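Enquirer: Quick one: structure below, then a few questions.
The values are calculated or read from the model by the stated rules, or taken from the named source; none is laboratory data. Fair warning: this is a prediction, and the values are worked out from it, not measured in the lab. Counting neighbours? That spans all protein chains shown, and the Cβs are built from the backbone with ideal geometry, glycine included.
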C-alpha cells in the first residue's frame, strides 16, 4: 500500500468516526420518499463503470442486501457511478444554468484529456445515515484531476458548492443504496459483506459530465472524455 492510500484511509476513518458521533461536516443528500422522481438536480462528473464491475457488485453486494431489506432504494445498473468531481450539489431549482453547462464542458474538454487513467482499490463498505457506499483508495491521479478541475471551475465562476470533509486525498465513493434509517439486520449484513469484500483493482479510464438527481434519473449526459 502506498503512502497516498494510507492517507486516504486516514480520511475515510475520520469520516466513519463522524458518522458514529453524528458530527458530519460535509454535504450529504437528505432522504426523500420517491428517489426516482426526485426533482432536485445536480451538476457533477463521474466515471460510469464497466458492465463486468457492475455485475460483480450486484452479485456480491446488492443482491444479498436486497434479501435482508428489499424495500430500500438500490441503484440500478445504469445509475451506478464513481464520483470524480462535483460542480453543483442537488437542489430544486438547480444551482446552475445553461451557460454554466457550456463553461463546464469547455473546462473538462481542456483538463481531462491531459490526465492519466488511474486505479481504484475497493476495500470496504461504509454506512452513512441515509446511504451505503462502496469505498476504494486510488492512485494519486484522482487528486490531480480534482485539483485541476477545481482551479479552472473557480476561474470561470462556477466553483464547486459542495462541502468536503477533507481538502485532499479524495477517494472513490460509489453509492449503492439509499434509505432513512438502516435496520440492525441491514447493518449486520453490511459489516459481513464488507469484511469479505473481494474486488479486483479497477481502472478508471474516462470521465463523464452530466446532470441528474441523486439516483441518476432525469439524467442528461453532456459529454464523456477518455483519460490517456
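Enquirer: Please specify each residue of region 184-199 satisfying the condition of being part of a loop (DSSP other than H, G, I, E, B), loosely packed, with under 13 Cβ neighbours inside 10 Å and in contact with a helix residue (DSSP H, G or I) (Cβ under 8 Å, 6 or more places away or on another chain).
Expert: 198
Enquirer: When residues of region 92-133 are filtered for being over 17 Å from the mean Cα position of the chain (by Cα) and more than 24 Å from residue 200 (Cβ to Cβ), how many remain?
Expert: Total satisfying the criteria: 23.
Enquirer: Filter region 156-183 for residues that are over 16 Å from the mean Cα position of the chain (by Cα) and closer than 30 Å to residue 59 by Cβ; which is surrounded by the fewest Cβ atoms within 10 Å (Cβ to Cβ)?
Expert: 181
Enquirer: Which ones in region 104-155 are farther than 30 Å from residue 62 by Cα and touching a residue at least 60 places away in the same chain (Cβ under 8 Å)?
Expert: 104, 105, 108, 109, 112, 113, 114, 115, 116, 149, 150, 153
Enquirer: State whether one or more residues within region 9-23 are part of a loop (DSSP other than H, G, I, E, B), in contact with a strand residue (DSSP E or B) (Cβ under 7 Å, 6 or more places away or on another chain) and modelled with pLDDT of 95 or more.
Expert: So far as region 9-23 goes, no, none of its residues is part of a loop (DSSP other than H, G, I, E, B), in contact with a strand residue (DSSP E or B) (Cβ under 7 Å, 6 or more places away or on another chain) and modelled with pLDDT of 95 or more.
Enquirer: In the set 164, 202, which member is in contact with a helix residue (DSSP H, G or I) (Cβ under 6 Å, 6 or more places away or on another chain) and touching a residue at least 40 places away in the same chain (Cβ under 8 Å)?
Expert: On the way: 164 fails: in contact with a helix residue (DSSP H, G or I) (Cβ under 6 Å, 6 or more places away or on another chain).
Just a single option satisfies the conditions, and that option is 202.
Enquirer: Can you name the condition, by its number, that residue 165 falls short on among (1) modelled with pLDDT of 95 or more; (2) within 20 Å of residue 126 (Cα to Cα)?
Expert: (1)
Enquirer: Give, as residue ranges, the strands (runs of 3 or more DSSP E) completely inside region 43-155 that count at least 2 residues that are surrounded by fewer than 21 Cβ atoms within 10 Å (Cβ to Cβ) and out of contact with any strand residue (DSSP E or B) (no Cβ under 9 Å at 6 or more places or on another chain).
Expert: Fully inside region 43-155 and qualifying: nothing.
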